1. Kirkwood Rh over alpha-carbon pairs of the chain, then Stokes-Einstein at 25 °C and 0.890 mPa s: what D in µm² s⁻¹, rounded to an integer?
2. Please find, in a Gaussian network model of the chain (springs between Cα atoms separated by less than 10 Å), the residue of Ala79, Ala35, Ala115 whose mean-square fluctuation is greatest.
3. When the accessible area of the chain is split by element with a 1.4 Å probe, what percent falls to carbon and sulfur?
4. Out of Ala42, Ala109, Ala96, any idea which swings most in a Gaussian network model of the chain, alpha carbons joined below 10 Å?
5. Cα centroids of segment 87-114 and segment 19-42: how far apart, whole angstrom?
6. Determine ³J(HN,Hα), in whole Hz, for all residues of segment 13-21 in sequence, where each value follows from phi through the Karplus function 6.51 cos²θ - 1.76 cosθ + 1.60 and θ = phi - 60°; x replaces Gly and Pro.
7. Taking +1 at the Cβ of each Lys and Arg and -1 at the Cβ of each Asp and Glu, which of Ser142, Gly44, Tyr26 sits farthest along the dipole of segment 1-151 towards its positive end, judged by Cα position relative to the Cα centre?
8. How big is the charge dipole of the chain about its Cα centre, in debye rounded to the nearest 20, if each Lys and Arg gets +1 on its Cβ and each Asp and Glu gets -1 on its Cβ?
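The values are calculated or read from the model by the stated rules, or taken from the named source; none is laboratory data. Every value quoted in this text rests on a predicted model; they were computed, and no experiment measured them. Cβ atoms come from the backbone with ideal geometry, glycine included; neighbour counts cover every protein chain shown. These area figures cover heavy atoms from the full protein model, side chains too; ligands, DNA and RNA do not enter into them. Shrake-Rupley method; radii C 1.70, N 1.55, O 1.52, S 1.80 Å.
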Amino acid sequence: MQPQPTSQSSEELFQRGLNYLEHKQYQQSIKLIQAAMEQTKAEGGANKGTSMRHLSFLGLALVLSSGRSGEGLKLCEQATKRDFFDADIFCNLGIAYMRSRQKGPAFEAFRKGLALMPRHRRILEELSRIERRDSRVFRGLSRDHFLNYFFGVLRHRLRLLFSREPSLND
């Protein structure tokens, strides 16, 4: 099923693009969101919030599709700089950073999104997926000090050893 970008309003095209994005059909999503952006420009009804929302979701689709993560990340960053009152835009930026293996900026984007909308479902889901580090064993030493590293590995292995469920053979 190919997207048909003609004879629909820009909002309908955008919603169809989001539907394709949710179903992981990224190329169709990209085409529909781009068509929605073009139609919004042609109609002359583009406000800043709508166009940045479109830009953000286009960037997310580019990041999630194979190979264009740099371009998509730039679009998401541009959208957050121009419209910084939309939690969805920060959520998209955080997901884009996570996909690019940049946890620090992703946490920052998720934090800003939660500041705008504290119960944002998607941001909370993404944060629950992320594995967080334990605190340092020796707080007075840096995280990369060999004692913290060694005892951190030891603590991790002991937790794995003792947290296992007893098997039926035991």
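1. It diffuses with D of about 133 µm²/s by this estimate.
2. Ala115
3. Details: 5990 of 11440 Å².
C and S fraction of accessible area: 52 percent.
4. Highest fluctuation among the options: Ala42.
5. 21 Å
6. The phi angles translate into 4, 5, 5, 5, x, 5, 4, 5, 4 Hz.
7. So the residue we want is Ser142.
8. Values: 28 positive and 18 negative charges, 157 e Å.
In debye, rounded to 20, the chain gives about 760.
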